[in-house]
Amino acid sequence: MMSNLVFLPIFIPLFFGALLVFFNKKQKVTINISFLVVLLSFGVSIFLSYHVFSDGPLILETGGWSAPYGIILVADKLSVIMILAVNVIALTAAIFALSSVTEKMVQHYFYPLFFLLIAGVSGAFLTGDLFNLFVFFEVLLMASYGLIIIGGSKHQFRESVKYILLNLFSSILFVTTVAFLYSVTGTVNMAQLGERVAQVEQQGILTGIGILLFIVFATKGALFPLYFWLPKSYIVPSPIVSALFGALLTKVGVYSMLRVFTLIFSHKLELTHTFFIWIATITMIIGVIGALSTSNVKLIIAYNIMPAIGFMLLGIGTFSAESLAGTIYYLVHDMAIKAALFFLAGLLVWHAGTSNLKKMGGYIKTAPLMGWMFFIASLILAGIPPFSGFIGKYLLLRGAMDEGYYIAAGVGLLSSLLILFSVIRIFIGAFWGELKEEPKQAVKTSGLAASVVLIAISVLLGVGAEWFYPYVQAAADSLIDPQIYIDYVLKE
Amino acid sequence: MEILMSILAGTLFAAGVYLILQKQLLKIVLGTALLSHGAHLFILTMGKLNRGKPPILIEGVKNYTDPLPQALILTSIVISFGVTSFLLVLAYRTYQSNKTDMMDQLRGTDDE
């Protein structure tokens, strides 16, 4: 079905983001408009999801050019789940922003860049065209380049240079790969690519191009061995920016892999997907080692992004309906919990006045609610039942074991334990014991409220898995059979 | 013609990769600029180079120039133009605040 509704999750943040550029000196107006926008966008995404799950995917053929020729936007089940998750993050980020975004940040265009980021991420989830995926990647990266240097401190510049150079290089590789793919197949439309690659049974050169694309997405998603840029560049900006990056940016890389390696390059599983399983396993190990190696609170959380990405890749590599459902479940869970943890870590660092765990202690007396929220968030992250991390990990590990990948599953279980250790270390170090130093400032209420909302969502995703799982399974079922997507887009 | 263009694109890629492996920030920025030029030429070449042919497929006309790569390049040029100019300003500001433009001195683990 054709509908302009598909365009709204991109248009609303893009339009208001551009509008807010003119209000950078008026903090009150900006905050009011931003709340209006996130609520509107959230409402639209719920409406869109309702439509897609009841009436099937929606397509927008821009300019009236039909599918393989024009630029199309496709909202299928996977896309709308992701759009919904993005808008939840945007909503909570807007709440968190009340306490954390200073007047100076507003003047330096925090809100326009924030909405541009949301528009870019939404666009990447909705596009049905590989070149447009590149364009939306650039939109969200450009916004992230702006966000990462707000504040303009010495170490921010130092780390953001590396972040930007690496992402720029992978973008150039992306556009080169699209050119390769165009010369071989003669199209950049994802549905038609899927069809044509299937026709020639993914010959050698196409697998090569597939691996190149994997390298591009692995750089964005911080997989081994392309993760070096991630941890330090994610901790230098303001906590709200860290949370947005941790929750959204790497997940766009995972989503792209999920899309490309189920729809287009899914015919030589023994070459590509087995390779993914090994990469996923090593990523989990390296990420956990990183998280254990430091006593900087923010850095521990940043390193914990990597094992999560490893888990998701494990699901893509296993490539069964169940493991893909696990990947989607884990993706949504991880967006919520990573944002919550980055929020909490930011609040903790403000409260303590330092990010060094060794200088903290006893804050459960001064900030009890934050402490217990941190504790629950740690359990959710590690995947303790009945929370949401457990459901995703259970599906992923069972999928991996069913297909006989015992080593990867074992490493996954072990790394979960170590993840729990690495985050509970923050809880023990910062909240237990005697008060070492007086807190520098009280915990900000709206910041804590945002974290509570996200943790509540995570708990709900775990306890209420019975309600959410059918939708996720439906999305995974449509991924495992790419013909559904192809037929729908090309109307055959 | 395609072979010549491919060699040219390859040369740009090689020079770009050489430059981004340097230590000085400005050379790296120039390297990324060369790399993106290489990528753009490459896209153009991938659409087959037909000179003096109409860009649109009319019924009966078998020989035409593919308009899609040109549209792709235009988008890509605008993006890389924006990113490069941003990167130049950022490199300058990084040099100003860190008092160095050498990549091996731009690392640190300090808790600032």
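Looking at segment A:119-134, I want the residues that are within 12 Å of chain B (Cβ to nearest Cβ) and within 12 Å of residue A:256 (Cβ to Cβ) and have a partner that is charged (D, E, K, R) and surrounded by fewer than 24 Cβ atoms within 10 Å (Cβ to Cβ) with Cβ atoms under 8 Å, at least 6 apart or on another chain. Which pairs are those?
Matching pairs, first to second residue: none at all.
Could you tell me whether residue A:201 is more than 25 Å from residue A:250 (Cβ to Cβ) and outside any helix (DSSP H, G or I)?
Spelling it out, residue A:201 is indeed more than 25 Å from residue A:250 (Cβ to Cβ) and outside any helix (DSSP H, G or I).
Looking at (1) buried (at least 24 other Cβ atoms within 10 Å of the Cβ); (2) within 14 Å of another protein chain (Cβ to nearest Cβ); (3) not basic (Lys, Arg), can you tell me which one residue A:293 breaks?
Residue A:293 satisfies all of (1) buried (at least 24 other Cβ atoms within 10 Å of the Cβ); (2) within 14 Å of another protein chain (Cβ to nearest Cβ); (3) not basic (Lys, Arg) except (1).
For residue A:490, state whether it is surrounded by 13 or more Cβ atoms within 10 Å (Cβ to Cβ) and under 23 Å from the mean Cα position of the chain (by Cα).
Judged against the criteria, residue A:490 is not a match.
Just to be sure before I move on: is residue B:48 within 17 Å of residue B:81 (Cα to Cα) and surrounded by fewer than 20 Cβ atoms within 10 Å (Cβ to Cβ) in the structure I sent?
no
Here is a list: B:39, B:9. Which entry is part of a helix (DSSP H, G or I), surrounded by 14 or more Cβ atoms within 10 Å (Cβ to Cβ) and either touching a Leu at 6+ places or on another chain (Cβ under 6 Å) or of a type outside the set (A, V, I, L, M) (or both)?
Step by step, each of B:39, B:9 is checked, and only B:9 is part of a helix (DSSP H, G or I), surrounded by 14 or more Cβ atoms within 10 Å (Cβ to Cβ) and either touching a Leu at 6+ places or on another chain (Cβ under 6 Å) or of a type outside the set (A, V, I, L, M) (or both).
Scan segment B:61-82 for residues that are without any contact (Cβ under 8 Å) to a residue 12 or more places away in the chain and either at the interface with chain A (Cβ under 9 Å from one of its Cβ atoms) or outside any loop (DSSP other than H, G, I, E, B) (or both) and jot them down.
B:71, B:74, B:75, B:78, B:79, B:81, B:82
So residue A:159 ticks every box in (1) away from chain B (no Cβ under 12 Å); (2) touching a residue at least 60 places away in the same chain (Cβ under 8 Å) but one. Which box is left unticked?
(1)
Out of A:339, A:308, report the one residue that is part of a helix (DSSP H, G or I) and in contact with a Ser or Thr (Cβ under 7 Å, 6 or more places away or on another chain).
A:339
Determine which member of the set A:74, A:80 is touching a Ser or Thr at 6+ places or on another chain (Cβ under 8 Å), β-branched (Val, Ile, Thr), free of Cβ contacts under 8 Å to residues at least 60 places away in the same chain and closer than 23 Å to residue A:480 by Cα.
Answer to the selection: A:80.
Would you mind finding the one in A:197, A:188, A:254 that is buried (at least 24 other Cβ atoms within 10 Å of the Cβ), over 21 Å from residue A:282 (Cβ atoms) and either among the aliphatic types (A, V, I, L, M) or at pLDDT 90 or above (or both)?
A:197
Within segment A:174-185, take every residue that is more than 21 Å from the chain's Cα centre (by Cα) and more than 8 Å from chain B (Cβ to nearest Cβ) and give me the one that is surrounded by the most Cβ atoms within 10 Å (Cβ to Cβ).
A:181
Just checking, how many residues over segment A:267-280 are out of contact with any Ser or Thr (no Cβ under 8 Å at 6 or more places or on another chain) and among the polar types (S, T, N, Q)?
1
Considering segment A:396-414 alone, what residues qualify as being crowded, with 23+ Cβ neighbours inside 10 Å, over 19 Å from the mean Cα position of the chain (by Cα) and closer than 19 Å to residue A:470 by Cβ?
A:399
So which of A:151, A:208 ends up being more than 9 Å from chain B (Cβ to nearest Cβ) and either touching a residue at least 40 places away in the same chain (Cβ under 8 Å) or under 25 Å from residue A:249 (Cβ atoms) (or both)?
A:151 is the lone residue from the list that is more than 9 Å from chain B (Cβ to nearest Cβ) and either touching a residue at least 40 places away in the same chain (Cβ under 8 Å) or under 25 Å from residue A:249 (Cβ atoms) (or both).
The values are calculated or read from the model by the stated rules, or taken from the named source; none is laboratory data. Remember, it's a predicted structure, so these values are computed and weren't measured experimentally. In this analysis, Cβ positions are derived from the backbone assuming ideal geometry, glycine residues included, and neighbour counts consider all displayed protein chains.
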